[in-house]
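Data block below; observations after.
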Amino acid sequence: MPKKVKQGTVVSDKMDKTVVVQVAEHKTHKKYKKAMIFTKNYKVHDENNTSKVGDVVSIVESRPLSSSVRFVLDKIVEEAK
């Protein structure tokens, strides 16, 4: 089974070797058929503390690294301005 790859924006980098990434997903409402945006925050392992707030990053699913960290930083797609 392939690992999940997601793309999102770094919201917080206050923790050591961990960043919070907000991933937005576009879905249609089941009853009303309206296009809606659902966001979810993921705690991501960032070994070298390379990403900063506002960066667009790609994350990959991994084994559980702690009780809340389940993703690893793959690459920085776009740096914050």
Among the residues of segment 30-40, is there at least one that is touching a residue at least 24 places away in the same chain (Cβ under 8 Å), under 11 Å from the mean Cα position of the chain (by Cα) and within 18 Å of THR9 (Cβ to Cβ)? no
Report the residue count in segment 41-54 for those that are open to solvent by 90 Å² or more (accessible area, probe 1.4 Å), charged (D, E, K, R) and touching a Lys or Arg at 6+ places or on another chain (Cβ under 9 Å). 1
Scan of segment 55-75 for residues that are more than 12 Å from THR18 (Cα to Cα), in a strand (DSSP E or B) and open to solvent by 60 Å² or more (accessible area, probe 1.4 Å), ordered by number: GLU61, ASP74, LYS75
Return the residues of segment 6-22 that are in a strand (DSSP E or B) and either open to solvent by 50 Å² or more (accessible area, probe 1.4 Å) or closer than 11 Å to VAL56 by Cβ (or both); say none if nothing qualifies. LYS6, GLN7, GLY8, THR9, VAL10, VAL11, VAL21, GLN22
Please specify each residue of segment 23-35 satisfying the condition of being open to solvent by 70 Å² or more (accessible area, probe 1.4 Å) and not β-branched (Val, Ile, Thr). GLU25, HIS26, LYS27, LYS30, LYS31, TYR32, LYS33, LYS34, ALA35
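The values are calculated or read from the model by the stated rules, or taken from the named source; none is laboratory data. Predicted model only: the values in this text are computed from it and were never measured. Ideal geometry is used to build each Cβ from the backbone, glycine not excepted, and the neighbour counts take in all protein chains shown. Just the protein is used for accessible areas: all its heavy atoms, side chains included, with ligands, DNA and RNA removed. Shrake-Rupley method; radii C 1.70, N 1.55, O 1.52, S 1.80 Å.
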